[in-house]
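See below for the structure under consideration.
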Amino acid sequence: QKEVEQNSGPLSVPEGAIASLNCTYSDRVSQSFFWYRQYSGKSPELIMSIYSNGDKEDGRFTAQLNKASQYVSLLIRDSQPSDSATYLCAVRENNQGGKLIFGQGTELSVKP
Amino acid sequence: DAGVIQSPRHEVTEMGQEVTLRCKPISGHDYLFWYRQTMMRGLELLIYFNNNVPIDDSGMPEDRFSAKMPNASFSTLKIQPSEPRDSAVYFCASSRGQGGSEKLFFGSGTQLSVL
């Protein structure tokens, strides 16, 4: 049973639009949530982290967390072709191990 | 800092052969993770170490897989014997501390192809 779920996409948006990426998780007690970006053929890199309910903004990126509904989302404003990548949602289990569990990722394509 | 260093970048081998993947974490990082990525299953955690001690190996698919961390600057993932279904990209990652704010730094990965 997958613990972190994402739509695999591809999600296609025009340049300048808002891209919305969603993620749900099954472990209700999870406390730490992350968005990683992975360009084709490259390794994942962290772009956002969020720990509390609500929104967290960093430049063109906004992470949103709703623990009651067990979902976390990532909004990318003014999308650019350089944002085209796979976005991985990751959840840290709230146990002694604290291992990081990744979703399968959503492929985003921003069309010029 | 050079980041997390993995070798080799590419490995092509025949079924039944032994494969050894290597990783050098970032200096000062006390957590090391081995992940495997495939199209079908995404990024799966295989095993992770804290201060060179294996903490959770529940993701290791079977006894053919083994991992060691003899010191703070080196880890290996070994597959013996290898099978075609082991073909994937294997990532090593390290982090400083297990607190919720610590991000993972990934190596460039090893692309493994088992024929």
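The values are calculated or read from the model by the stated rules, or taken from the named source; none is laboratory data. These numbers come from a predicted model, not from an experiment. Methodologically, a virtual Cβ is constructed for each residue, glycine included, from the backbone with ideal geometry; neighbour enumeration extends over all protein chains shown. Keep in mind that these areas ignore ligands, DNA and RNA; they rest on the heavy atoms of the full protein, side chains included. Shrake-Rupley method; radii C 1.70, N 1.55, O 1.52, S 1.80 Å.
Structure above, values below:
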quantity	calculated
Single unsatisfied condition, B:ARG85 versus (1) in a strand (DSSP E or B); (2) farther than 13 Å from B:GLY107 by Cβ	(1)
Residue count, the stretch B:4-42 (criterion: modelled with pLDDT under 95 and in contact with a Gly (Cβ under 9 Å, 6 or more places away or on another chain))	5
Strands (runs of 3 or more DSSP E) completely within the stretch A:4-82 that count 2 or more residues being in contact (Cβ under 8 Å) with a residue 12 or more places away in the chain and surrounded by 15 or more Cβ atoms within 10 Å (Cβ to Cβ)	A:4-6, A:11-14, A:19-25, A:32-38, A:45-50, A:61-66, A:71-76
Options A:SER26, A:SER49, A:SER8: the member that is touching an Asp or Glu at 6+ places or on another chain (Cβ under 8 Å), within 14 Å of chain B (Cβ to nearest Cβ) and polar (S, T, N, Q)	A:SER8
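Okay, residues lined up against (1) open to solvent by less than 70 Å² (accessible area, probe 1.4 Å); (2) within 14 Å of chain A (Cβ to nearest Cβ); (3) under 10 Å from the mean Cα position of the chain (by Cα); (4) more than 17 Å from B:PHE106 (Cβ to Cβ):
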{"site": "B:MET40", "(1), (2), (3), (4)": "no, yes, no, yes"}
{"site": "B:TYR48", "(1), (2), (3), (4)": "yes, yes, yes, no"}
{"site": "B:GLY59", "(1), (2), (3), (4)": "yes, yes, no, no"}
{"site": "B:LEU77", "(1), (2), (3), (4)": "yes, no, yes, no"}
